[in-house]
Amino acid sequence: MQQYIAQRILWSIPTLFLISIAIFGMVRVIPGDAITAQFTSQGNISADDIAKARKSLGIDEPIVSQYIDWISGAARGDFGDSLVTRSSVTDRIWDTLPISLEIAVIGIVISVVISLPIGILSAVKANSMTDYVGRLFALTGLAVPSFWLGILLLVLPSVWFGYLPPLRYIPFTENPLTNLRQFILPSFAVGFVSAATLMRMTRSSMLEVIRADHVRTARAKGLQERVVVLRHALKLAMIPVITILGAQIANLVTGTVVIEQVFGLPGTGRLLIQAINQRDYPLIQAMVMMIAVTVLAVNLLVDISYAWLDPRIRYGGGR
Amino acid sequence: MSVNPVAASPVPVVIPARPPRIVRIAKWMLRASRQQPLGTIGAVVVFVFLVAATVPGLVAPYDPDKVGVGARLEGSSWSHVMGTDSIGRDVFSRIIWGARLSVLIGFGSVLVGTTVGTAIGLVSGYAGGLADTLIQRFVDALMTFPGLILALVLVTVWGQGVPQLVLAIAILIIPGATRIVRGATLAEKNNQYIDAARVLGASHHRILFRHILPNVSAPIIVIVSVMVGVAILIEAALSFLGLGVPPPTSSWGQMLSIEGRTYMLQQPWLAIWPGLAISLVVLGLNLVGDALRDLLDPKLRLR
């Protein structure tokens, strides 16, 4: 087990290295450099100014030393300063992070609460009317874009009941109730979409387990169906579901980017779009790198928990 | 001396002529549609959108960009089925023309992405060894980026336009396609018929493309149908964020973000139609994908 974990962690280092080069390279590929791109959009500025700005950012140095500068700063959590506000990139990300985290966490809870019961019911009553409704629900969830769902959640209540959630961001510490009222709709929009994937996984995983020998034995012992399903089948069926739940973190990150735009919440996603619109390259680089590291870390944890939950995988080696 | 048993038999043996290919395909489709009613509905929806996208001029009643063909922010009526937007353009016509962009980007990016992904997956699975390990690490790295974020950055770097969007979304599709094709190739390459081909002196190239590729085509067809939906959703999200194909080209995501969001309280339908179009076509594609998986993958048929 320890060997497996060590192996997985070691493997993620070259991956991380590849990602960092890709992110660093992507921004450098643009014709001209960040400063030229910025200044041309602002109007004419003397060549002297450009040279000065370039020096202050260190982009007049050779590319390899630029990369080493950037990556060693990044390792210490220092991604440099924003081109637009001149403030620390790391600080700006930290300021917006709680908002996106709140959406994501409530989103996951909503998604699990919706998907598990429907998935289990769908599998237990396979090929019944209940199953068809459940599956159609999941397919719909996969097809509906979260930002459209978000818009509907804003429009329909306001048309029908004249209700609009508070549109200016209220921190949880200021007014917990208003804050929750504000976050429930965006979280639902994000959670609903990932519920579809989770439900499908729960259903197919349950279907496989429900025919297993130990479940038949439990039934033969005369246990109640409810106990068989919830105690014996569900436990085993949850293993692949947890993996998918891990993968959903990546989807939630994507989901919050779009949904924050719809609901006007100043989270990390909105910061990223702002950075992209202003061509604020240090900020874009830092955010994409942080997202990649987060997803990589989650994948690592999922793999490890998977090996821990299912002993058959433990001896499977590095892949 | 051997005698041909058929020629020697007193009763004339009639070998029925094989029906032409088109008849066989039609029969297969008829049988498939009876087995998969939901998939058939999906196929019909997708077909309707494909028609709209191919000949939008014939389906759309008005010029999609013509301002003032109706009053501003009109509700639905006989002359404007889906109403009009804030500058009096016909929403139905804009939705029809928007289908063109979605189909172009959806199918274009999946075509590029699965072709490249299939090639890489075939080679990776067939070659094995160090090449395989390196390719898989690279795929892992690519998969670490959430799709939309990667597309956002690529479009920022490359600029906005149809070719750029197709390429950016194709890059998201490559790793998934590579994974699936590699897995299928691994399962296929140890079969005896591959050994037989090798003994007969077939080249690697021939084994890969004449023997393995046809046998891994089922999962490829399934990913294509599902991935087109994913690609359409990503295009819509990018347009919604203002990073899709720039106006005046009408795209569903852009209609939602500009007209839909600004006027959603005065004319809620403006925010409903484009989203409905996206959801319907993606749902159709998913239904087709599910049905194809059931039809083409015998292992899952019992489920």
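The values are calculated or read from the model by the stated rules, or taken from the named source; none is laboratory data. All of these numbers come straight from a predicted model, not from anything done at the bench. Cβ coordinates were reconstructed from backbone atoms using ideal geometry, including for glycine residues, and neighbour counts include every protein chain displayed. Quick note on the areas: whole protein, heavy atoms, side chains included, nothing else; ligands and nucleic acids left out. Shrake-Rupley method; radii C 1.70, N 1.55, O 1.52, S 1.80 Å.
Please state, as a whole number in µm²/s, the translational diffusion coefficient that the Stokes-Einstein equation yields for the protein assembly as shown at 25 °C and 0.890 mPa s, with Rh defined as the Kirkwood radius across alpha carbon pairs. Walk me through the numbers before you get to the answer.
Working: Rh = 27.2 Å.
It comes out at roughly 90 µm²/s.
Can you give the calculated 222 nm mean residue ellipticity of the protein assembly as shown, where each DSSP H run of n ≥ 4 adds -39,500 (n - 2.57) and the sum is split over every residue, rounded to the nearest 500 deg cm²/dmol? Don't skip to the end; give the middle numbers.
On the way: 24 runs with 437 residues, N = 622.
Value at 222 nm, helices only: -24000 deg cm²/dmol.
Between A:ILE63 and B:LEU265, what FRET efficiency follows from the Cβ-Cβ distance if R0 is 51 Å, with the result rounded to 0.05? That pair, A:ILE63 with B:LEU265, gives E of 0.50. The residues of segment A:154-196 listed by number as losing at least 50 Å² of accessible area in the complex, against the isolated chain and with a 1.4 Å probe, are A:VAL155. Are there any residues in segment A:291-307 with a reduction of at least 20 Å² in accessible surface when going from the isolated chain to the assembly of protein chains? Probe 1.4 Å, please list them by number. For segment A:291-307, once contacts with the other chains are taken into account, A:ILE291, A:ALA292, A:VAL295 lose 20 Å² or more.
Relative contact order for chain B: 23 percent, from Cα pairs under 8 Å spaced at least 6 residues apart, divided by residue count. Here the ratio of the Cα radius of gyration of chain A to 2.2 N^0.38 Å is 1.23. Using alpha carbons only, the radius of gyration of segment B:171-303 set against its Kirkwood radius gives Rg/Rh = 1.19. Of all the options A:ILE19, A:ILE103, A:ILE118, the one that moves most in a Gaussian network model of chain A with Cα springs shorter than 10 angstrom is A:ILE19. Which of the listed residues, B:PRO16, B:ILE232, B:LEU283, is farthest toward the dipole's positive end in chain B, when Lys, Arg count +1 and Asp, Glu count -1 at the beta-carbon? Value computed over the given set: B:PRO16. Solvent-accessible area of A:ILE68, all protein chains in place: 90 Å² (probe radius 1.4 Å, heavy atoms, ligands and nucleic acids excluded).
Helices assigned as whole DSSP H runs in chain A whose Cα atoms extend at least 30 Å along their own long axis and whose mean Kyte-Doolittle hydropathy is 0.5 or higher are found at A:2-28, A:89-124, A:176-210, A:234-263, A:281-309.
How much area per residue is accessible in segment A:141-237 when the probe is 1.4 Å and only protein heavy atoms are counted (Å²)?
Result: 51 Å² of accessible area for each residue.
Summed over the residues of segment B:35-302 and divided among them, the accessible surface reaches 42 Å² per residue at a probe radius of 1.4 Å.
Counting only protein heavy atoms, what percent of the accessible surface of the protein assembly as shown is carbon or sulfur at a 1.4 Å probe? Walk me through the numbers on the way to the answer.
Working: 20670 of 30950 Å².
It is 67 percent, rounded to a whole number.
Solvent-accessible surface, computed for protein heavy atoms with a probe of 1.4 Å, shrinks by 30 Å² or more for the following residues of segment B:146-182 when the other protein chains are added to the isolated chain: B:PRO146, B:LEU148, B:ILE149, B:LEU152, B:VAL153, B:THR156, B:VAL157. Computed from protein heavy atoms with a 1.4 Å probe, the total accessible area buried between B and A is close to 4100 Å².
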